[in-house]
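Engineer: Here it is, the structure, as structure tokens.
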2 protein chains.
Amino acid sequence: MPFELTRDYIDQLKELINGKEDTAALEMISELHPADIAEIFSELETEESIYLYNLLDSEVSADVLVELPEDEREEFFRSMPGEMIARRVIDNMESDDAADLLGELSEEKQEEVLQSIEDVEQAGDIADLLSYDEDTAGGLMAKELIKVYEDWDVARCITEIRRQSEEVYEFYYVYVVDKDDILIGTVTLKKIIIARSTTRIRNIVDTDLISVRTDTPSEEVANIMKKYDLVSLPVIDTIGRLVGRITIDDVVDVIKEEAEKDYQMISGITEDVEHSDNVFLLTRARLPWLIIGLTGGILGSRVISMHESELRISPEMALFFPLIGAMGGNAGVQSSSIVVQGIAAGTIDLQGISGKLMKELSVAFINGLILSGLLFIYNLLFSDSFALTITVSIALFSVILFASVFGTFVPLILHKFNVDPALATGPFITTTNDIIGLSIYLAVGRLMYGII
Amino acid sequence: MPFELTRDYIDQLKELINGKEDTAALEMISELHPADIAEIFSELETEESIYLYNLLDSEVSADVLVELPEDEREEFFRSMPGEMIARRVIDNMESDDAADLLGELSEEKQEEVLQSIEDVEQAGDIADLLSYDEDTAGGLMAKELIKVYEDWDVARCITEIRRQSEEVYEFYYVYVVDKDDILIGTVTLKKIIIARSTTRIRNIVDTDLISVRTDTPSEEVANIMKKYDLVSLPVIDTIGRLVGRITIDDVVDVIKEEAEKDYQMISGITEDVEHSDNVFLLTRARLPWLIIGLTGGILGSRVISMHESELRISPEMALFFPLIGAMGGNAGVQSSSIVVQGIAAGTIDLQGISGKLMKELSVAFINGLILSGLLFIYNLLFSDSFALTITVSIALFSVILFASVFGTFVPLILHKFNVDPALATGPFITTTNDIIGLSIYLAVGRLMYGII
């Protein structure tokens, strides 16, 4: 059963640590999964977790480090010399995790650690991986994999798997290459177990194979693995040689991060922050969009003051400033978020833009009609000014129509110019639609009050 | 290499279908992955895809159906009698996919299909799965798995795997049970390949095992698989008997759907819609939040009209209605979205609420100070009314402070009462903060204009 962390548990553990009862403290956590131990560390004071960490054996402690949030891991690394990182941490890790961790260190410390790794081949693998961009298949992949040659038979293959598998923590496919190391297919372990031992690999290889290149962007890797339900994906270089493999657990993180990024973008947060980050980070992540909102508000006040003379004649128009602004923002965010999700899912490219606009317009037309109808009835009943009643409803209808078209168009255009379309959601769309909505409202007002 | 769908390709295929050139049409798609064929289907007219579908062999066509979006799949099912669905579709599927598909049909059609399935055991498995709630481990799991008894040796185990694996499309673990079918651990294929054939399973079984019960909610299943990096998770019943297993690809879908749900909630969309859905669905999904926004706007107009007499004296206050409303909304959405993400990630429970509020207040204090300072400078330079200058800045500061606290509190409280905290993001928080912001602004105005 999954472990559940309680306040009592933490208190008890803290007591043991502070009383230096090493054996008892270790006993409390020894049966736990590294991910659970990492969770416990996050609840302890830094010195307490470093103390506990030093009690763990190297293999477990390396796994715990991988699971820690980046800022907490940094504190651990700060307390360790490079040679200790190499021996206690990196030695017990797969190359992709090792490269990710080293990537967080300063260049000097990276070098110090790499030079302290005893296994030269491992050090070379990690150095290779460090050279790839973090956001590409190269940055995601691990070097450890099981590779067999097409002219081997199953018996030799099993011997080799036994030998190679000492280095590979877990694997699901065996990759088949030709004599030049060019990837030609896969064999599942299931097939190897089922096959006779004299069968040639070439006769059971599945060449119907999906692979990516080292420079394929992470987001595309995630989409491919999701679409084809893959647990593992081989990575090849420019001439088709097998250089690594990506597993689904790395991609789950990419999917989660992408979703979080879009979510934060729409809520007006610019950096990847969590509620546990410090006040400075949290402030810095939020201030930019608030300043955009402030600028929008100031521009809005300018728009209103340009119509000061009309407002002096019909001041009741001010009653619906907030309503018009808010509705423009809401409708715009709805439209843009649907487009942004469509683009992210990769389902929006093929169909023409005009079809999408027509559909958006229809939705906006219906919604606009219903909402301005409701508002019309409300004002008929409760407002003294018929001119205002007409003005607000016409303006609301126009604003919803405009905001939907705008909210659809902007992310599509950003995407066309290779800018992240998620930029066009949240505060940006709200602020813009606020100002434009006000302008429409005031313009309609000028017209209507002139007529009625 | 992944397949890329082009307009040319679709046009060429349409021509072949309409010219009834079966062999040529089939040849164009025969080498493709079912997920790609499903993508092609989405680009064709319904009759064209049904025509093409009938050319495919049963196994491929079943896989294609699984990959289709639900509404397109419905059209396929409508064109097929129950007996044909059983034979051409369900027969070629794993039990979890089959149950998911049948779950979309009407009860009568479900029964019709179940009775037409020849393999009684398979029909029973599917009927079992249909009885679980869709959003639980029972609803996610498949019945097909490889199960061995602890007292077998590796040789017998391999024989059994060969036999059982005919039914299981792909597997990563072999589950070990005792004589009462109680799950006691797993053995990886890797271990079986490496072990001597006389070794007893009991000696290589890994009992350090994470499992879930059939009634564990999907979201928790996803969090567990993410946290522990699992590719496959066994499901047990109330007394610990092994009843199924969940694979990571099913959970990737859960993670994606959860993220999409939260994203749509924050953008004011109530149902799970895509840009490709029809106008009616898209309208229905958006209207509710817009009506909430409309109601908020109307309440806002009431708040303003309650202060009509002051506004007649100082009408310039109306200039900043939009700014105050927008900033309250922005700051509130930022706070609530960080809390909602924290709750979703399961990292927010342990720490006390007071600590979080203090941090939120600090962030809001700094942001509020900077923003109201900027606005003060702007108004000093460009506004004629010092009372307005003072009023707007004090109000902005208070609104940001209030909105942040409110945005933090509401999702926490909803969560406490087991309501989805994501409800408190987007239009709800924006609308509420709009109204409260206006009230604060007008109250500060009454005070300040009284003093100055």
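Engineer: Could you tell me which of the residues B:Leu68, B:Leu55 is buried (at least 19 other Cβ atoms within 10 Å of the Cβ) and of a type outside the set (S, T, N, Q)?
Structural biologist: Criteria check complete, one pass: B:Leu68.
Engineer: May I pose another question? Suppose the filter is touching a residue at least 60 places away in the same chain (Cβ under 8 Å) and not small (Gly, Ala, Ser); does A:Asp63 pass it?
Structural biologist: no
Engineer: Do we find a residue being crowded, with 21+ Cβ neighbours inside 10 Å, among the aromatic types (Phe, Trp, Tyr) and in a loop (DSSP other than H, G, I, E, B) anywhere in region A:151-159?
Structural biologist: no
Engineer: Taking region B:300-315, which residues are over 46 Å from the mean Cα position of the chain (by Cα), of a type in the set (Gly, Ala, Ser) and more than 21 Å from A:Met306 (Cα to Cα)?
Structural biologist: B:Ser309 - this is the single residue of region B:300-315 that is over 46 Å from the mean Cα position of the chain (by Cα), of a type in the set (Gly, Ala, Ser) and more than 21 Å from A:Met306 (Cα to Cα).
Engineer: Please report, ordered by residue number, the helices (runs of 4 or more DSSP H) entirely within region A:25-76 with at least 3 residues that are away from every other protein chain (no Cβ under 14 Å).
Structural biologist: In region A:25-76, A:46-55, A:58-67 are the helices (runs of 4 or more DSSP H) which contain 3 or more residues that are away from every other protein chain (no Cβ under 14 Å).
Engineer: Could you count how many residues in region A:129-143 are of a type in the set (Asp, Glu) and out of contact with any strand residue (DSSP E or B) (no Cβ under 8 Å at 6 or more places or on another chain)?
Structural biologist: The number of residues fulfilling the criteria is 2.
Engineer: Of A:Pro322, A:Pro315, which residue is of a type outside the set (Ser, Thr, Tyr), surrounded by fewer than 20 Cβ atoms within 10 Å (Cβ to Cβ), closer than 30 Å to B:Tyr378 by Cβ and within 9 Å of chain B (Cβ to nearest Cβ)?
Structural biologist: A:Pro315
Engineer: Can you find a residue that is within 30 Å of B:Ala318 (Cβ to Cβ), under 30 Å from the mean Cα position of the chain (by Cα), modelled with pLDDT of 85 or more and within 11 Å of chain A (Cβ to nearest Cβ) anywhere in region B:391-404?
Structural biologist: Checking region B:391-404: at least one residue is within 30 Å of B:Ala318 (Cβ to Cβ), under 30 Å from the mean Cα position of the chain (by Cα), modelled with pLDDT of 85 or more and within 11 Å of chain A (Cβ to nearest Cβ).
Engineer: Does region B:235-242 contain at least one residue that is part of a helix (DSSP H, G or I) and among the basic types (Lys, Arg)?
Structural biologist: No, region B:235-242 contains no residue that is part of a helix (DSSP H, G or I) and among the basic types (Lys, Arg).
Engineer: Just need a number here: residues in region B:406-439 that are more than 10 Å from chain A (Cβ to nearest Cβ) and either without any contact (Cβ under 8 Å) to a residue 60 or more places away in the chain or acidic (Asp, Glu) (or both).
Structural biologist: 8
Engineer: Please find, within region B:297-310, the residue that is nearest to A:Phe428 (Cα to Cα) out of those that are in contact (Cβ under 8 Å) with a residue 40 or more places away in the chain and at the interface with chain A (Cβ under 7 Å from one of its Cβ atoms).
Structural biologist: The selected residue is B:Gly297.
Engineer: Condition check: facing chain A (nearest Cβ under 9 Å), assigned to a loop (DSSP other than H, G, I, E, B) and either within 25 Å of B:Ala142 (Cα to Cα) or not acidic (Asp, Glu) (or both). Does B:Ile269 satisfy that?
Structural biologist: It is true that B:Ile269 is facing chain A (nearest Cβ under 9 Å), assigned to a loop (DSSP other than H, G, I, E, B) and either within 25 Å of B:Ala142 (Cα to Cα) or not acidic (Asp, Glu) (or both).
Engineer: Of the numbered conditions (1) over 18 Å from the mean Cα position of the chain (by Cα); (2) under 23 Å from A:Asn433 (Cβ atoms); (3) touching a residue at least 24 places away in the same chain (Cβ under 8 Å), B:Asp262 satisfies every one except a single condition; which is it?
Structural biologist: (1)
Engineer: Still on this model: Between residues in region A:98-116 that are surrounded by fewer than 16 Cβ atoms within 10 Å (Cβ to Cβ) and residues that are of a type outside the set (D, E, K, R), which pairs lie under 7 Å by C-beta distance while being six or more apart or on different chains?
Structural biologist: Hits for this filter: A:Gly103/A:Leu130.
Engineer: Criterion first (within 30 Å of B:Leu361 (Cα to Cα), touching a Leu at 6+ places or on another chain (Cβ under 9 Å), β-branched (Val, Ile, Thr) and in contact (Cβ under 8 Å) with a residue 12 or more places away in the chain) does A:Thr247 satisfy it?
Structural biologist: No: the conditions fail for A:Thr247.
Engineer: Can you work out which of the residues in region A:274-293 that are among the β-branched types (Val, Ile, Thr) and either more than 7 Å from chain B (Cβ to nearest Cβ) or surrounded by fewer than 18 Cβ atoms within 10 Å (Cβ to Cβ) (or both) is farthest from A:Glu74 (Cα to Cα)?
Structural biologist: A:Ile292
Engineer: On to the next question. Assuming A:Ser276 fulfils every condition listed in (1) at pLDDT below 80; (2) polar (S, T, N, Q); (3) in contact with a Lys or Arg (Cβ under 6 Å, 6 or more places away or on another chain) apart from one, which condition is it?
Structural biologist: Against the list (1) at pLDDT below 80; (2) polar (S, T, N, Q); (3) in contact with a Lys or Arg (Cβ under 6 Å, 6 or more places away or on another chain), A:Ser276 comes up short only on (3).
Residue-wise test of (1) more than 8 Å from chain A (Cβ to nearest Cβ); (2) surrounded by 16 or more Cβ atoms within 10 Å (Cβ to Cβ).
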| site | (1), (2) |
| --- | --- |
| B:Lys190 | no, yes |
| B:Arg202 | yes, yes |
| B:Asp206 | yes, no |
| B:Thr216 | yes, yes |
| B:Leu233 | yes, yes |
| B:Val243 | yes, yes |
| B:Lys256 | no, yes |
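Engineer: Quick one: would you say A:Ala364 is more than 19 Å from A:Gly268 (Cβ to Cβ), at the interface with another protein chain (Cβ under 7 Å from one of its Cβ atoms) and of a type in the set (Gly, Ala, Ser)?
Structural biologist: no
Engineer: Test each condition in (1) at the interface with chain B (Cβ under 7 Å from one of its Cβ atoms); (2) assigned to a loop (DSSP other than H, G, I, E, B) for A:Tyr263 and report the one that comes out false.
Structural biologist: Just one mismatch for A:Tyr263, condition (2).
The values are calculated or read from the model by the stated rules, or taken from the named source; none is laboratory data. This is a predicted model, so every value here is computed, not measured. Here Cβ is always computed from backbone atoms with ideal geometry, including for glycine, and neighbour counts include all displayed protein chains.
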